[in-house]
Each structure stands twice: as C-alpha cells, then as structure tokens.
4 protein chains.
Amino acid sequence: MANNGTIQVGVIGAGRIGKIHAENLATRIPVVAAAAVADIDLSAAQELAARLHIPRACSDYRAILADPDIQAVAICSSTDTHARIIVEAAQAGKHIFCEKPIDHDLAKIDAALAAVKQAGVKLQIGFNRRFDPNFRKVREMVAEGKIGQPHILRITSRDPAPPPASYVKVSGGIFLDMTIHDFDMARYLIGDVREVYTAGAVLVDPEIGAAGDIDTAIITLTFENGAIGTIDNSRKAVYGYDQRVEVFGSGGMVTALNRTPDTHLYSNPEGVHSAKPLYFFLERYSESFLAEMQEFIQSIQHDTTPPVTGEDGRAPVLIGMAAKKSYLEKRPVSIREISH
Amino acid sequence: MANNGTIQVGVIGAGRIGKIHAENLATRIPVVAAAAVADIDLSAAQELAARLHIPRACSDYRAILADPDIQAVAICSSTDTHARIIVEAAQAGKHIFCEKPIDHDLAKIDAALAAVKQAGVKLQIGFNRRFDPNFRKVREMVAEGKIGQPHILRITSRDPAPPPASYVKVSGGIFLDMTIHDFDMARYLIGDVREVYTAGAVLVDPEIGAAGDIDTAIITLTFENGAIGTIDNSRKAVYGYDQRVEVFGSGGMVTALNRTPDTHLYSNPEGVHSAKPLYFFLERYSESFLAEMQEFIQSIQHDTTPPVTGEDGRAPVLIGMAAKKSYLEKRPVSIREISH
Amino acid sequence: MANNGTIQVGVIGAGRIGKIHAENLATRIPVVAAAAVADIDLSAAQELAARLHIPRACSDYRAILADPDIQAVAICSSTDTHARIIVEAAQAGKHIFCEKPIDHDLAKIDAALAAVKQAGVKLQIGFNRRFDPNFRKVREMVAEGKIGQPHILRITSRDPAPPPASYVKVSGGIFLDMTIHDFDMARYLIGDVREVYTAGAVLVDPEIGAAGDIDTAIITLTFENGAIGTIDNSRKAVYGYDQRVEVFGSGGMVTALNRTPDTHLYSNPEGVHSAKPLYFFLERYSESFLAEMQEFIQSIQHDTTPPVTGEDGRAPVLIGMAAKKSYLEKRPVSIREISH
Amino acid sequence: MANNGTIQVGVIGAGRIGKIHAENLATRIPVVAAAAVADIDLSAAQELAARLHIPRACSDYRAILADPDIQAVAICSSTDTHARIIVEAAQAGKHIFCEKPIDHDLAKIDAALAAVKQAGVKLQIGFNRRFDPNFRKVREMVAEGKIGQPHILRITSRDPAPPPASYVKVSGGIFLDMTIHDFDMARYLIGDVREVYTAGAVLVDPEIGAAGDIDTAIITLTFENGAIGTIDNSRKAVYGYDQRVEVFGSGGMVTALNRTPDTHLYSNPEGVHSAKPLYFFLERYSESFLAEMQEFIQSIQHDTTPPVTGEDGRAPVLIGMAAKKSYLEKRPVSIREISH
C-alpha cells in the first residue's frame, strides 16, 4: 500500500469496460487511487486519465507493471492479451482483476493460472453478474435453502442487438462471448456442470452465420448434483436486454425479473403499458461493476480469496467449448471430454 | 338433431374429467342436452346423472352408441379404451369428443383415425389448454405477427403434486401423460416439431423412478420452421400448478403468466406477498373445458372442422415417443424416426 | 320448502340484473328452483323464463307473492319499487333478496325494514362486491389482524362509461347510485362512518351537470373507530372498470388490484403491454353475483342472518345523503345530521 | 467561474442532506468543484471535507459567502436559518440551491425571494422528488397529453418510521415538514391548488399528538384547472417508504409505483413473495438528489431559470398552511385565505 493506506491500481485498456472500471476506481471506492491508465491507443488512455484526474497515462501496460507503487491491475484489454498480461502481472507481483474470458485456449488459461498461483497474487475474473443485486438475492435464497433442493434452472439471456460481424469473427463464438456469462451464472446458482446439449440456429442475422457463428441457442445443462437446467440466448431482443433467471426446487422457486428504468404504469384504451427492460449491460449491470471491484479491493485489503477465482474463470470456458462441440456434433457432450 | 334442434350428447366415463364435461353439457351450453352417462361403475353413472338431471345412466357405453337420438359422445373413459370406443362410435355415426391421448400405440391411433375418416364424423381431441384465454391470447398475437418470426418458445409446466405410483405405471410415462399437453401447446403456438432432445431425472419421488418413469425433465424442441424451444416439467411444484408459456421472436415477445385466485397484495415488514397460482387443472382450466366443448358443438352445428383434429391428437403422441427415446438413448431424436 | 327440499324462488324484474340472478338461480345453485319471473313487460319475463326453462312468467309480481310454493323472492325491479315490494313480500311471508339501494327515501327504507322485522323473514341487500374474491380476501386479512389497526382506507371506483343523462336524472345522483357500493365497501372493510367530506366536479360530461349531478368525486371518510379514508369516483375510465381497494394499518397494508381477462405480457420496442381491467361489472363481478345468492339461500336453509342485512342496506344511503349534503354545502357533514 | 471553467460551490450544513449534496458535488458532477463546507459544528464540517477531499472547512458560513472564487452555495442548514442565509448569499452574489422549505413564515420567505430577485442570482429549491425518474415519467406523460385532461390525482406518501418527538416540535408540523413534498408534487403534476380540506388523526404515536401535531392525514385538493386530488400520509408504514402517485384523466391514467431493491419473486406454499419498497428517502431518491444538483449547475452554466424556482418553494408552504388551518377549523380552506 501507499503510505496513506490507499491501494494504487492501474487500469490496462481504456475501452468501454476499461472506462467503467477506471471511473469506479477513481471516484467510487474511497480506499483506492486510480494511479495509471494504459492503452495501445495512447490518446484514449490520456483522454480517460484527464477526465478522471488519473495522474498517468501510457501506451505500454508494462510501464504500469514496472511501477512499484502500483499494487493491483485491472486488465480490460482485448481477450487475446488477457492470458499474457496475467502472467506478466503475476510475475510483477501485482494483484489482478481480469475481464472475462481469460482466454479461448485452455493451455493459455492454465499457464496464466499457474503463474498466478506461483506468484501468490490475487486473481479475480470479471463475472460481474454475480454482483447484480437481483441475481445475488436468488443465490442467497438458494444457499439459505429457501427453495429446498434445486431441481430446475432456467436462464434467459438475450442481447438487444447483435455485435458487428467483424466482432463476431474474433469473439470466439456465442458460447465463449455471450453464453459464458450464463454458464458462470449456472455455476454460481447451482454448481458444477456435467454435460451440455445445444440446439442452435441462425435466425437473427445471416452475416453471423456467414461468420461461422450462430445467434440463437438453447443449451440444456446437467449438473453434477443431479439438477437440470436450460439457457436460452438470442443476439437480438427488440424490447431490450432480457436477463432473467429462475431456480426451481423441492421447496419452492425463486426468480429474478428484468429491471426497468422506472415503475410507471400507463393505462389507456389499448391496455396497460410499462417500461421496457434497461437497454443493455451498461445500464443493467452498473451496480455490479462497482460491487465486483469493491470486493476485489476488499480481498486485497483483508487478504482473502477473491469472490470469483481463476478456476471460476476457467470452468465456463470448458462449458462453452462443450456447448460448441455439442452443437457441431449434434449430441450431448460431457465436460470431461473437454477437460481431459 | 332432436326435433327441437337440441343436440343430444352422451358422456362415456363418469370420473373426474367426465364429471366436468357432463356438467358443462348439462348446464352451460343451451343448445345441448346431456342425454346419457355411461360408466363401468354403474352407481357412479347414476349418481352423476341424478345430480345433473341427466335422464339416463348405464354401465355399457354401447347402449349410448345404440341410441339413435344421440348425435355425439364425449369419451372420458380410461386411455386404454379410447381408440376402441372411437372406432365403435364412428361406426355408429356419432360425432366424437375424446379426451387426450387417443392411445399410446400408434397403430391403434391410426386405426381410430381411419374409422373416423371412413364414417365422416367429427372428431375433436381434448387438448383443452388451447382454449385457455391466456394461451389463446398468446396464439392470437403470434398469429397476428405481433412478435414477428418466432425464434424461441419456452413452456414451463409443473404439477402441484405427483400422481400415485400405481397411476404412474399405467400412465404411459410422463411424456405421454403430462408433457403431451405441452407438445400440443408447442404445435399450437409454433407448428410442427422436427426433433427433440430430453434431459430427465428422478428428483421428486424415488417411487416414480422405481415405476420406470421420471418426474423432472427438460425437453429441447426443434421446429420444422427453424424455431427452437424448451419445455421444463416437474411433477411437484409446492407453490401450485405452474403453467406458463413464452414466445420470443424477431419483433417481440409474448408471455402468459399463471392465474391466481385473487389479486391481493399484502405488504408487511417481511415483504410484499400475493396469491399462489390456482391449485391444479380443475381450477386453472375450468373455462377451457367449457370452451372446448362449446366449439365442438359448434363444429357439429355448422358442419365445420373441429378446432383440435385427430391429427392434432396423433402428432403429440409421436413427439412424446421421440422424447422418451431421446431420454433412453441420450441423443436427439427426429420425429421421422418414430413415424416411419 | 317444496317436498323434495328444493327452495323455490321467484325473480321480480327481468332487466339486466334480474337476468343474472335468474340464471344463477336456474342453473348454478342445485338446491334452488327458479319458479317464476315477473316483469311489467310480460314479454321480457316470458323470454327469460323460456331461455332458462323457468316454468312461469307473469307481469304482476303479486302473482309470485301469492304463490304458496314460493319461499323467497329476488327483487330486481327499478329502485322506486323496492321498498313497496319488500313490504308486500314480507307480509306474504317470503324471504327477500333485494337489489341496492333499498330506496332513496329514509322513511320508506325504515318502513320496509320494519315490515321485514315484523314478518320475521330474511332480508339480504344486493351489495355483491362483498362477495368478490379479491375484496373478500382483503376483508379477511383485515379481520385476521394482518394489517394491525386500520388507519387509512383507499377506494378507487371508476366506471368505464357514464350512463345516459336520462338515467342520471332518476338515479338519485352519483352518491346513491354509484358511490353507494363504495360506502358499503368502506363499512365492510373498516366499519361505521362518522363524517364525510366531498369534493366533486363535472369533468366527464356536461349533460350530467345539466341533469343536476356530478361525474367526478373524492369523498373523505372519517370512521367511528378513528380511521380515515378516501374514495375517488369517475363516471368514465377509458381503460375500463377500475375497482381497487387498499387498507393500510399499523401492521401492514393489503390491496386488491383490478382483474384482467388474461395474464399476457407483450414486450416490443415500445414497452411491455398487458390487458386492461375487465370491462364492467358484469365481467368483474360475475362470481360475486353467484356467491351472494348462494349465501342468501344458505341463510334460508340454515336459518341464519343473511350476510348483508337491512341495516347494511340503510347505512350507505345515509352516507350517500351526507356526501351529497357535503358537496352542496361545501363542508364536512356528520352522518348524525342525516339520521336524526 | 474559476479560470479552468469549473464552478466552485460551497456547502452550508454538514448534516444528513448536506453530506448527500457534498458527495454529489465532489464526485459526480465533473464541471463542479466542492470548494468548502461550513457547519456550526466545525468537526462535522472538517470530517466531511476530509472524506471528500474538499479543500476547506469552516464553522461560519459567512466565510464561504466572502470567498470571491465561490460562485454558488448549497444551503443545507436547519430550516430556521434558510431565509436569512438566502438573503445574505444573494447579497454576496452567490447562486443559491436551498433545501426545502424556505421557511415557515411567509414574510421571511417573501423577503428572501425579494433579495434573490434584486441580486439577480439563481435560486433553486430542493424539491428533489421532481427529479425522481418515476415521477418525472408521470409528469412527462401528463405533459404530452397521454392521459388527456387530468381529472383526479392520487398521492400516497408514507414514511417508514416517525421522527423523534423532539424533531416534531420544531418541524413546523406534518404539513410543512412531510406533506410539503406532496404539495409540490401536486403542483408539478397538475398545477396550482385552489383549496384544501384535511382530515387528520393521531394513530401512530401519542407523543406526536402531545407535541401538537398529527401523524396520519388525508388531504383533498381542488386545483385551479378544475381537477381534484387526494394525498394520504402516514408517519409509519411498517413495510417501508411508500411513495406512489397516480394521475387519472379523460384519456387514461398513469401511475408510478414504489421501487424495490431487487426484482426477485419467491414462490412457496404460502404464496408469492417479493421485496419491500426501498427503505427511506436516501435509498429511494438517491438519483434525484444528484439530478437536481446537476440541473442547478446547468442553470448556472447556461444562465437559464432553475427547474424549481423560489415561487415553487413558496407555493407549497401556503398550501401547507391552508391544510393546517383546514384541520384546525374543520372546513375547506382556500389558498387565497392564506396568501392575502
């Protein structure tokens, strides 16, 4: 820590998600100082630093890793750089917050986790939805036994609009880019997954199909504890971001519905009308981005295990790979097939 | 018709569902006269007839078929008798309302449908949920194009309590006994099914497993039109009968929620509390039982095709068979595999 | 009772509300026989009798009163005839179900109640909303102490469309025609009213103002037990019949919301849309019309006090008179001012 | 403005509401610098300044008024000091954000408004609820004509717990302390009020009665435009802060419901359960405190009229005085009686 007890954090990557974390670190977590921002586009780093009164901007993240006053980094760069930066940051003795996914390649993930283990630093993966108050409430009620033994999980997860085809091509595919959050949610709410089966289709945009991906999917999950589950995904929900979960068990059911910008109800001769869900993840999950960073910082302060570990970052990648294999081979696929 | 234009209907089977139809025919459809009730347990037939002022009770349904004043029958006897009585009723020139399923055996179903066709009588199958005002509204909105092209169907269908194991043994299994309604709903809302995949488990009651059945299932549906869907079933929802559907498409989404006995909201220091869903099918679907019979009678009056045909009775049996095969063989199963 | 234990009931008045009661008596209450219908328009009586297989139709209700086999009458004629028919029916020894209000004149009401008392017959007033499952639930929860001591009552009661001006002129005014149901609801949920204050306006239709009435009102109630309440009325809610109540107390709050024809939710780019409230009282209160008649019959069968007594019929007339006086004199008016 | 374009603001009063405004000014409004905090309790000012990195803390607000670099002040001190500080701040040429109410005394209010007018500075009153996204949506829909001509306004406004009796004594009474927000909301949604009638009671806490105040009230409003309205207040809703509004008109109705901490629904054998409303104003109105300050700053930046003017601060005090007079004199009271 700095001499005044403040934890200095460097932000690597000044894109959309980097901006969120930089802003939270700079203005909403008193014990933290956002000490530096790096981006390969130096002007982006400079602009963000200026807006948030962050003292330093650089184009090479290694400058951050080399700064002895910086204790922790938030890796918000493109996915293909995550594993490498994790290794280097661990070797530099920095605690690491890394956006999901760690990587699309299992060997790289394992190398990154090994480096973290060897260095003894903290690593937290950015599965922010675990920190959404709605889903957290569901998790708490499941953990408290309010629904008895879980039997059925339902997740609906639909984006308001598909990404550009250029992004789709480098995204790793819907399962590693989008459903990976739902796989993590499934693990958060129920536990480890044993097997998956995927039904998928290109219904939203033929360009996505041309890019070798799908845009609509239903994934059946079989959990190690015997429960079963279903995830449905679409890249385009015209009414906005649709993010719901439901856990059904021997003693009851708990659901989390969408959140809306306001609570108005308008009644006219056509019916009763209310607000759409919040538009996309920036709106829906703003509280969760702050909360995950607060807990990361707390895990440094109190030297505890971060709430989303490296293993929590690895497991959904395996599930995503199994889901893709299931789609391609038109059969249920065991997670063991992937991991062994 | 009788000389005063009244359509005389005989009810075959005085059990739970026979009572519902008899009561609707006797008191709620002005153009109809409930003319006779048959049940192998004569006293059950007599009791029902007395309560509803139905003039005739008998133990052998053939007495009803032999009555020239009776134009139509409602077959509410046990499933194993449906196909045979359909054949005999058709040969006797009676219009036929028959409870679902027609049979568990495809050859018997086909024989029954052939007899109906040859006789030129009406046949309507008792998939009452199509007449539920909530699901009908969903269907109408889908048909009107309100959600654009359908992409994803979700059906949740959970009973409040499992049937006795003795019933489970003769029920044909969860797919032909319980999910068959959901398969019909899927066809009603989206269209024909091409392939199914089943994940199932025994989580509610080991006795059900011992009887060779399962009590919890998630079935993935692939439709001929490219849409995909998921059905989740449980034999035991402690909060009551859970009957919801949702159709998501290119232009929007339409959902039907559960119905409750009242609209109260109770706020206290623990939270905001409201009523559970209506307990079971007698409560939830009472309007639909009346509406399906009214439309059956109208199809006789106006000589039109009944709203749920013999083919509509046959198709979900095929899907149910495919779902079972999928569960046993742990792979997706095409409907064609069953029907050919 | 007739020799077979059936209670024979005559229906006086074959208008809109008479038809409802006749149909319920004829088809939905097994222990009852609808024995006769009277209407000054004989053809209306005959038509109703024919449709429901009621054996007798007449133009003079006295023929019903003179029939020794008839034990009870349902008075559904125009308001100005209620008090007189109550007196005659009581003198004829018939039990009496009478539509609200008993009369607009206190002396006539008191004479009618005295005749009932002297004859020792049952009298139930048709405040059907007490039998609505939603409001009944509220009442039960209040009675069970679930909200502690009641502090604030809120009633919203708005019709979908105003009556014709011709009706307004003979209706007794909004307070005795429309709000009278809400005054009864207030007594049902909280207890006797001590004082009222009315703010009223003509906002819907100037013709109503020209007829000497108002169409929009807020009435403040002070109850004998110290609670306070507010009723808001409009003659025209373009989104349908708006019928809500809310009781707030020291331990919580219980609300009854509107009922809808179905539970659909439609999400599109404009928002989330659901069904309007049921259109008007025939739709919203159909169950309550049946339930009030069943309880009237039960009070005859078991010789118990009817659930809505003559006093319950008289009290809201007093409140209505006070509300009107308050509106005219622009000051709070005590119920005692009216009754003494 | 400071040379870099930043608007320097001083906060007067470091109590509960002062802390909120200081935090928003210090961390959430980029164009602003929180330059100083004053509180008669110097340590409170120092503590707040330290936590938010505000450069200056003082015990006398006059030090802030004397600072030429400070352009605007946020007056968050006790109500009895508001009018005096407004006068002095105006004379010092500072723009003024002042918490409600301006004062309980009409002459002092008028003197303060006159000083503001003479100095030509901005004055915004802290009626934060106008900036709540839910109520703002209602206002927008009313303004857009979505409900046609407004006829009926309903406001429910209930606190989760009563203030201490010591506070009650100096609060000015429920109408100037609590209902004043509802009077402002009524003006915001409908327009100027012509007359009020109050029914009030002491039902929550006899100590409040002993302090000469009431804790439960229903206030009827008659608006200048002919609409009517009702406000119900309680000092204690055991289920949390209850803040709802509803505007009914010739073309429809728009309602704003309570907001909850999460969207979970829990179904078990007892019913369906969801979250209580957010606990109190700090939780419910956090967004509105930020939004009102942002708009105040914008009115300085763009030299426009602030969204809540001095007249908007004066009018609800008049209504509050009329409401109290109505309660004491048991009669409707015209606002003109107070203002003339």
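Residues whose amide H comes within less than 5 Å of that of C:Val204, counting only those at least five positions distant or on another chain, are C:Asp215 (H built at 1.01 Å from N in the peptide plane). Here the contact order of the stretch D:7-121, divided by its residue count and restricted to Cα pairs under 8 Å and six or more residues apart, works out to 25 percent. Using only side-chain charges placed at the Cβ, +1 for Lys and Arg and -1 for Asp and Glu, the dipole size of the protein assembly as shown relative to its Cα centre rounds to 0 debye. Here the 3J(HN,Hα) profile of the stretch C:261-270, calculated from phi with Karplus coefficients 6.51, -1.76 and 1.60 at θ = phi - 60°, is x, 8, 10, 5, 10, 10, 10, 9, x, 8 Hz, Gly and Pro shown as x. The stretch A:233-304 and the stretch A:21-56 have their alpha-carbon centroids 27 Å apart.
In the stretch A:230-249, burial by the other protein chains removes 10 Å² or more of accessible area from A:Thr230, A:Asp232, A:Ser234, A:Lys236, A:Val238, A:Tyr239, A:Arg244, A:Glu246, A:Phe248, compared with the chain on its own (1.4 Å probe, ligands and nucleic acids ignored).
Here is the P(r) of the protein assembly as shown: all C-alpha pair distances, binned every 20 Å from 0, give 9, 31, 35, 20, 5, 0 in whole percents. Taking the DSSP beta bridges with both ends in the protein assembly as shown, the antiparallel portion is around 60 percent. Chain C against chain D buries an accessible area of about 2900 Å², both chains summed, 1.4 Å probe radius. Counted by Cβ distance under 14 Å from C:Ala165, the other residues give a net charge of -2, where Lys and Arg count +1 and Asp and Glu count -1. Solvent exposure of the stretch B:286-340, expressed per residue, is 44 Å² of accessible area, with all protein chains present and a 1.4 angstrom probe. Excluding ligands, DNA and RNA, the accessible surface per residue across the stretch A:7-121 is 41 Å² with a 1.4 Å probe. For A:Glu195, the residues whose amide H sits under 5 Å from its own are A:Thr222, A:Ile335, ignoring neighbours fewer than 5 places away on the same chain, with H placed 1.01 Å from N. A point 7 Å from Cα along Cα→Cβ stands in for A:Gln91, and the other copies hold the same point at 7.0, 8.8, 11.2 nm, listed in rising order. Structural size metrics of the stretch B:7-121, computed from C-alpha coordinates, are Rg and Dmax of 13.1, 39 Å. Calculated from the alpha-carbon coordinates, chain A shows an Rg and a Dmax of 20.4, 67 Å respectively.
For chain D, the carbon plus sulfur part of the accessible surface works out to 50%, probe radius 1.4 Å.
Judged by the ratio a/c of the largest to the smallest principal axis of the C-alpha gyration tensor, the stretch C:68-132 counts as oblate, that ratio being 1.5 or greater while a/b is no larger than b/c. Summed over qualifying helices (DSSP H, 4 residues or more, each -39500 (n - 2.57)) and divided by its residue number, chain C shows a 222 nm mean residue ellipticity of -11500 deg cm²/dmol. Chain D has one residue whose beta-carbon comes closest to the axis relating it to chain B; that residue and its distance in whole Å are D:His273, 3. Tilt of helix A:79-91 relative to the longest C-alpha principal axis of chain A, in degrees (0 to 90, nearest 10)? Long axis of A:79-91 versus the principal axis of chain A: about 40 degrees. Based on alpha-carbon centroids, what's the gap between the stretch A:106-129 and the stretch C:126-179 in Å, whole number please? Computed from Cα coordinates, the inter-centre distance equals 64 Å. Under the criterion of Cα pairs below 8 Å and six or more residues apart, the relative contact order for chain C equals 18 percent. Projecting label points 7 angstrom from Cα along Cα→Cβ for D:Glu283 and B:Asp69 puts them 7.0 nm apart. In the assembly of identical copies, D:Ala114 has its label point, taken 7 Å from Cα in the direction of the beta carbon, separated from the corresponding points by 6.9, 8.4, 10.5 nm (ascending, one decimal). Can you pick out the pairs among C:Lys324/D:Lys330; A:Lys137/A:Lys324; A:Lys146/A:Lys236; A:Lys146/B:Lys137; C:Lys122/C:Lys169; A:Lys330/B:Lys324 whose Cα atoms lie more than 23 Å from each other? Checking Cα-Cα distances, A:Lys137/A:Lys324; A:Lys146/A:Lys236; A:Lys146/B:Lys137; C:Lys122/C:Lys169 exceed 23 Å.
For the stretch A:189-340, the alpha carbon positions stretch 60, 49, 39 Å along the principal axes, listed from largest to smallest.
A crude spin-label estimate for the pair C:Asp303 and A:Ser43, with each label 7 Å from Cα along the Cβ direction, gives 9.9 nm. Here the dipole of chain B is about 340 debye; that uses its Cα centre as origin and unit charges on the Cβ of Lys and Arg (positive) and Asp and Glu (negative).
Burial annotation for the stretch A:27-45: residues with an accessible-area loss of at least 20 Å² between the isolated chain and the complete set of protein chains, computed on heavy atoms with a 1.4 Å probe, are A:Thr27, A:Arg28. Charge tally around D:Val11: other residues with Cβ under 15 Å, Lys/Arg +1 each, Asp/Glu -1 each, net -2.
With its label point put 7 Å out from Cα toward Cβ, B:Ala66 sits 5.2, 10.6, 11.7 nm from the same residue's point in the other copies, in order from shortest.
The values are calculated or read from the model by the stated rules, or taken from the named source; none is laboratory data. These numbers come from a predicted model, not from an experiment. Cβ: placed from backbone, ideal geometry, glycine included. Neighbour counts: every protein chain shown. In case anyone asks, the SASA skips ligands and DNA or RNA and just uses the protein heavy atoms, side chains included. Shrake-Rupley method; radii C 1.70, N 1.55, O 1.52, S 1.80 Å.
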